[in-house]
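Written out below as C-alpha cells is the structure these notes cover.
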Amino acid sequence: MGVNSSSIGELSSNESLKTLAGSKIITEDDPFWNQLLSFKFLPPQTCSDARLLEEATSSICKQLVNNNLQTGNFCALVKVFLRRANELKTSTQCNDFLFTWQTYNALFIIRCVCKYMLENISEGRIKQQFSVVQQEGAARPDGKSNYVLEDFLNAVVKILIEVPVLDFTYMLHLEGVTLLLIMLSVQMFIPRVSHESIIFQLLMSSSCSKDAHVLIKTLLDHFIEQKLCPEAPFGSGQSGGSFLYGVTSAVATGLWTVMTLGYGAPAVQEESKPLLANQSLLLLLVLGNHDVHRGAQNPYRQALCTFSNSQDGGSANSLTGQLPPFKLNFSNLYEAFCHHFESDQTTLLFYLLLHRNTNFRQCVLSKTNIDNLVLPLLKILYNAPDSNSHHIYMALIVLLILSEDDAFNKSIHEVSVKTVTWYTERSISEMTLGGLIVLVVIRTIQYNMTRMRDKYLHTNCLAALANMSSQFHSLHPYVTQRIVSLFELLSRKHGKIIEQLSHGSSTVANSHMDEQDYMADLAVLEEVLRMVLEIINSCLTNTIHHNPNLVYTLLYKKHLFISFKSNSKFQDIIQNIDTVLSYFSARLDQHSEGKNLSVEEVLEIIRQGMMLWNKESLRKFPDLKFKYVEEEEPEEFFLPYVWSLVYHSSNLYWDADRIELFNLNSQ
C-alpha cells in the first residue's frame, strides 16, 4: 500500500506491497514500515466491496504467504504491530491520531493476510506462518513455539478492552473485533463442530482467556451504546482535509494519498451506521456459543451466564456464593434489546442471556414495561413469511421461556395495547397485550400448518399458549373467535383424514406408504387438537369469570364439539367443555323465551350466570406447565446458526464454495 496507490486496480502492482510480499527480508526496524503504513484506506463496508478488495489482493497475499517462511516479513509486520499496540493506550491519551491511524493500517493488512490464510491453508501452517524468526539476514520457522500468534491475539484483545472508543479509535476497535471474527472463522471451513482449533484453544485457555469477562463486558457495552461510525474516523480534520465516511468517498488529504476502490465519487454521503455494535454482537455470539471439549469451560460463556446488574446492591450469587465476573446496567441492556430485535443476532443473544443468565432473566421478568420487549417479538412472528425459520423459532422460544413465569402471564393481561401498526389483519382499537400474544401465536400455528409444517414449532406455540391459559383475562371477542376458529380448522382437517381412511379413498388406496402417511398426520393432528382443547379447558377452569367472550364464542360454535364427545381420545376434556356449554345454554333458554337476543343481552346473561357458576362442577386436570429445555448437544444447532449470521451479516466477503459448516440455504 504506502503512498503510491490510488485505486483498487493498482493494488497488485503497488511497490510497497510487492516489497512486503517479495523475497527480500525486511527487519522489524526497517524504515520501510513507516512508508507502508502511511496510507488512508477505509475498508469496504459491504460484502460486494469486500469481494473486490480480496480479488485485488489475493495474488499479493499468496506471494507473501509463500515467501514468509524464508523472509519472515509477515511475522515482522505482526511484531511491528505488537510494538505499536503496547504503546497505543498512552498515545491515545495524548490524542496521537497519526500513531493510532498507522497501527490501524498494520492491523488491517494483517487481517487481509489472515483471511487469505484461513481460507487457503491449514491451521497448522498458519501457526507456522506466525512462528518465523528473522536472524542474521535469514529466517526460519520456529516449530516449537506459537507465542507470536498468542501474543498477537492477546494484543488485539488488550486494545479492545483498554483503549477507549473515541472518534479516532473507532475504526481501530472495529478492525480488532473484525480480526477476531476472521481468526475464529476457521470453524466455517470445517464440516462439523470443531473442538480442536488452535485459534479457539488460544482464546479459550491461554493468556487471552484471563480477560474473557472484560472482553464480554466491552462487547456488551458496544451493543448497548450503538455508537455510530464517525464521519472523520482518524481525525482527518487535523491534517487539513475532509474524510467522508464510506469506501467510495475518500479524498486525498495532506501528506498521504488516499486509496479508493475506483467506483467514482458518490452523489450522497452514506448514512453512518453502528458498525462496531453489529460486529461486537456477532463476536459475542461466536465466543459465547463455542463448545469446548472434554469438560473444559468456555470462559466467555461463563461470563455471559453469570454477570449481574450494576443497579443491584448485592454482590455474591445467592446460590453459589461466587462473585459475578462483572456488573452491567441491566436497564440499559434491556432497552438496547427492545430497540434492536429486528435482527437475528439480537434475538439470539437475548435468548442466550434469558435462558442461561438467571440474574438477567429475573430483571426482565420484573419489568413493568414488558410490552416494549414483547411487541417486537410478536412482530417477528407476525412477519413470519418474510423471516427465516431460525429467527421465528428463536423468537418463539423466548416467548415460551417468558411464559414459564406466572407473574409474566398475569401482567400481560394488565397491559393495554392500542394501535399496533404492523397488525393489519383487522383494525383493533384496544386489547390486552396477552390477547395480542394469543392472536399472533395462533397465526403462527396456522402459517406453520400451511407453509413450514414443523412439528416442533407447533409444539412450542401450543406450549406457550398452554402456560398462559390459566391466566387468560378479559380476552377480546376477536381473540376468542380466533381460538375457536383454530379448533374449527383443525377439526375439519381431522374429519377429512378420518373420512379418507374410513372410506378407503383412491388417494389412500394407492399404496401402503400413503396410508402410513395419513396415519402419521392423524396422530400429530390429534395431539394438536388435544392441546387446543386443554388450553380452552384451562381457561374455563381457572378464569371463566373473567372471560365471558370465550363462553359466548363457544356457545356460538358449540356444534364443533359434538363429534368429539364419542372419541375416546377427547372424551374426558370434552366433558368439561360440554358441562359449561350445557349450563349456559340452559340459562339462555330460560331468558330468551323464544325471542332473539342481542349480543349484549347474551353477554349479560352469561355474566349473571358466572356469578352462580360452581367451578367445582368441572373435572380437575393437571396444570398446564411446559418448560423449555435445550436438546442434547445444542451446539449442533447453534454453531452453524451463529456462523450463518456472521456469513450474512458481517459485511465481509466469504467464498461460498469453501463453507462447510452450514448449508447456505438452511435458513
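The values are calculated or read from the model by the stated rules, or taken from the named source; none is laboratory data. Since the model is a prediction, treat every value here as computed from it, not as a measurement. Here the Cβ positions follow ideal geometry from the backbone for every residue, glycine too, while neighbour counts run over all protein chains shown. Heads up: the accessible areas ignore ligands, DNA and RNA and are worked out on the full protein's heavy atoms, side chains in. Shrake-Rupley method; radii C 1.70, N 1.55, O 1.52, S 1.80 Å.
Relative to the present Cα-Cα distance, how much length would full extension add between R492 and Q35 at 0.36 nm per residue of separation? Each step should come with its number before you reach the end.
Values: separation 457, 0.36 × 457 = 164.52 nm, distance 7.65 nm.
The span from R492 to Q35 would gain 156.9 nm if fully extended.
Once the convex hull of the alpha carbons of segment 441-481 is built, what does its volume come to per residue, in cubic angstrom?
On the way: hull volume 2.3 nm³, N = 41.
It is 57 Å³ per residue.
How large is the translational diffusion coefficient of the chain in µm² per second when you combine the Kirkwood radius over alpha carbon pairs with Stokes-Einstein at 25 °C and 0.890 mPa s? Walk me through the intermediate numbers first.
Working: Rh = 28.7 Å.
Translational diffusion coefficient: 86 µm²/s.
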Worksheet item: What accessible area, in Å² to the nearest ten, does a 1.4 Å probe give for D30?
Response: 50
Worksheet, complete the sentence: Between the Cα axis of helix 147-162 and the main Cα principal axis of the chain, the angle (0 to 90°, nearest 10) is 60
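Given a 1.4 Å probe and heavy atoms of the protein chains only, how would you sort F637, F360, largest accessible area at the top?
Largest accessible area first, the list is F637, F360.
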Worksheet item: Roughly how much of L365 is accessible, in Å² to the nearest 10, using a 1.4 Å probe?
Response: 50
Fill in: Note, ³J(HN,Hα) from phi for segment 355-366, Karplus 6.51, -1.76, 1.60, rounded to Hz, x at Gly and Pro
7, 10, 9, 5, 4, 5, 4, 4, 5, 4, 5, 8
Worksheet item: Which value, in Å to one decimal place, does the Kirkwood hydrodynamic radius take for segment 1-125 when every pair of different Cα atoms is included?
Response: 15.1
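If you add up the charges near D211, with Lys and Arg at +1 and Asp and Glu at -1, over every other residue whose beta carbon is less than 11 angstrom from its beta carbon, what do you get?
Working: positive: K158, K210, K217; negative: E162.
Within the 11 Å Cβ shell, the charges total +2.
Given the Cα atoms of segment 530-667, and with Rh set as the inverse mean 1/r over their pairs in the Kirkwood sense, what is Rg to Rh to two decimals? Each step should come with its number before you reach the end.
Values: Rg = 25.2 Å, Rh = 19.3 Å.
Here Rg/Rh amounts to 1.30.
For segment 390-451, just say rounded, prolate or oblate: build the C-alpha gyration tensor, square-root its eigenvalues into a ≥ b ≥ c, call rounded for a/c under 1.5, and beyond that prolate if a/b exceeds b/c, oblate if not. It would help to have the intermediate numbers written out before the result.
Numbers: a/c = 2.24, a/b = 1.07, b/c = 2.10.
The shape class here is oblate.
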Response to the item:
Expressed in angstrom and ordered largest first, the alpha-carbon extents of segment 452-579 along the principal axes are 51, 29, 24
Fill in: Cut-off under 5 Å, modelled amide H: who pairs with N309 long-range
L328
Worksheet item: Which order do R84, R356 take by accessible area at a 1.4 Å probe, largest first?
Response: R356, R84
Worksheet item: Taking +1 at the Cβ of each Lys and Arg and -1 at the Cβ of each Asp and Glu, which of W654, S592, T90 sits farthest along the dipole of the chain towards its positive end, judged by Cα position relative to the Cα centre?
Response: S592
Worksheet item: Helix 389-403 versus the longest principal axis of the chain: what angle, 0 to 90°, nearest 10, using Cα atoms?
Response: 60
Worksheet item: Which distance in nm do the two modelled labels at K455 and L603 give, with both placed 7 Å along the Cα-to-Cβ direction?
Response: 4.2
Discussion item. Apply the Karplus curve 6.51 cos²θ - 1.76 cosθ + 1.60, θ = phi - 60°, to the phi angles in segment 167-177 and return the couplings in whole Hz, x for Gly and Pro.
Written reply: 4, 8, 10, 4, 5, 5, 5, 4, 5, x, 5
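Provide the packing ranking of 490-496, 420-426, 155-161, i.e. peptides ordered by the mean count of other C-beta atoms within 10 Å per residue, highest first.
Working: 490-496: 15.4, 420-426: 11.3, 155-161: 21.3.
In decreasing order of mean packing, 490-496, 420-426, 155-161 become 155-161, 490-496, 420-426.
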Discussion item. Output wanted: per-residue J couplings in Hz (rounded whole) for segment 624-631, from phi through Karplus 6.51 cos²θ - 1.76 cosθ + 1.60, θ = phi - 60°, x for Gly and Pro.
Written reply: 7, 9, 10, 10, 6, 10, 5, 5
Worksheet entry | Built amide H within the under 5 Å cut-off of V417, gap 5+ | M431, T432, L433
Worksheet item: Which shape class, rounded, prolate or oblate, goes with segment 456-504 when its Cα gyration tensor gives a ≥ b ≥ c as root eigenvalues, a/c under 1.5 marks rounded, and past that a/b bigger than b/c marks prolate?
Response: oblate
Discussion item. With the crude spin-label approximation of a point 7 Å out along Cα→Cβ, what separation in nm comes out for E593 versus T90?
Written reply: 10.0
Discussion item. From the protein chains alone at 1.4 Å, what is the descending order of accessible area for E335, E430, E593, largest first?
Written reply: E593, E430, E335
Worksheet item: For segment 613-667, treating each Cα as an identical point scatterer without solvent, what Debye log10 I(q)/I(0) comes out at q = 0.12, 0.30 1/Å?
Response: -0.50, -1.23
Worksheet item: C47: accessible area at probe 1.4 Å, nearest 10 Å²?
Response: 60
Discussion item. Could you check the spin-label model distance between R356 and F637? Points 7 Å from the Cα along Cα→Cβ, value in nm.
Written reply: 1.5
Worksheet entry | segment 346-426: Cα Rg divided by the 2.2 N^0.38 Å rule of thumb | 1.11
Discussion item. Could you order the peptides 577-583, 475-481 from most to least packed, using the average number of other C-beta atoms within 10 Å per residue?
Written reply: 475-481, 577-583
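Quick check for me: using +1 on Lys/Arg Cβ and -1 on Asp/Glu Cβ, what's the dipole size of the chain about its Cα centre, in debye to the nearest 20? Numbers along the way, then the final one.
Details: 53 positive and 67 negative charges, 109 e Å.
Around 520 debye, computed over the chain.
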Item to complete: Return the FRET efficiency for the residue pair I562, K273: r is the Cβ-Cβ distance, R0 is 60 Å, and the value is rounded to the nearest 0.05.
Response: 0.50
Worksheet, complete the sentence: Compactness summary of segment 68-178: radius of gyration and Dmax from Cα atoms, Å, are 14.5, 42
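For segment 518-567, report the % of Cα-Cα distances exceeding 13 Å.
Details: 823 of 1225 pairs.
That tail contains 67 percent of the Cα-Cα pairs.
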Fill in: Relative contact order [Cα under 8 Å, 6+ residues apart], segment 558-621, whole percent
31
Worksheet item: Hey, what's the per residue convex hull volume over the C-alpha atoms of segment 375-513, in cubic angstrom?
Response: 132
